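The values are calculated or read from the model by the stated rules, or taken from the named source; none is laboratory data. In this text the structure is predicted, and so the values were computed from the model without any measurement. FYI the Cβ positions are ideal-geometry reconstructions off the backbone, even for glycines, and counts take in every protein chain you see. Quick note on the areas: whole protein, heavy atoms, side chains included, nothing else; ligands and nucleic acids left out. Shrake-Rupley method; radii C 1.70, N 1.55, O 1.52, S 1.80 Å.
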Amino acid sequence: MALTNLTWPNCPVASLLRGIFTGLLAGGIVLTTALPTNSDYDGRPRYSKQEIRRAVLFYAKRYRLDPALLRAVIKVESDFRPHVISRKGAVGLMQLTPDTAATLRVADIHDPIQNIRGGAKQLRHLLRLYDGDVTLALAAYNAGVHRVRGGKIPRIRETRSYVRKVLRYYNRYRVPRHGGKTVDLSPGSTHGPASKARNRERG
């Protein structure tokens, strides 16, 4: 009986070796098999640049915005990176916060098309709130409505820099008008709703 127990099939050492061999084989299979990455199963919609451009034009028309303005905001907010997330938790092309997205009824804040729709809707709301003044609407988009008071851009360095950048890209993206020249809408210019209001007061 003792000799029988020591034969290879029944030997405890053999069972241990078989277990080690099986484990090594399984490990080798795992290592040689491609593991899915986050991008494989994160479920985020992917769109081509052409689809993004079409969405910008579509929602600009839907919310009565200049497509150049919508493009300029996207450029400054995210540099057209659809899945970027800021340190403050703002998401996507238009850098919507979850609270703002919920207010705008954006079901999936990570979907670039829905993100554009939400941002365009917010811009239209702000332009209506500030009687079409682009500079004030942009300031509110960046700093929040509660900080834009008295018809002035708040004295916040980040917000003032933001407004300048958006207006610079806005003028760059716009279709040339008025004899081949674009209209300068930057703060202090002689164009735009705020300047027209000042001119009316002077007259």
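Couple of notes before you dig in:
- Meets criteria (in a helix (DSSP H, G or I), surrounded by fewer than 20 Cβ atoms within 10 Å (Cβ to Cβ), under 13 Å from the mean Cα position of the chain (by Cα) and touching a residue at least 40 places away in the same chain (Cβ under 8 Å)) for residue 116: no
- Residue 162 vs. criteria over 19 Å from residue 96 (Cβ atoms) and either of a type in the set (Ser, Thr, Tyr) or at pLDDT below 95 (or both): no
- Note on the range 1-99: enclosed helices (runs of 4 or more DSSP H) holding 1 or more residues that are among the aliphatic types (A, V, I, L, M) and at pLDDT 95 or above are 49-62, 67-78.
- Only a single item in (1) under 14 Å from the mean Cα position of the chain (by Cα); (2) open to solvent by 20 Å² or more (accessible area, probe 1.4 Å) is not met by residue 124, and it is number (1).
- Cβ-Cβ under 7 Å pairs, at least 6 apart or on other chains, the range 120-143 side free of Cβ contacts under 8 Å to residues at least 60 places away in the same chain, far side among the polar types (S, T, N, Q) and open to solvent by 20 Å² or more (accessible area, probe 1.4 Å): 122/100
- Boolean, residue 160 is of a type in the set (Lys, Arg), open to solvent by 50 Å² or more (accessible area, probe 1.4 Å) and in a loop (DSSP other than H, G, I, E, B): no
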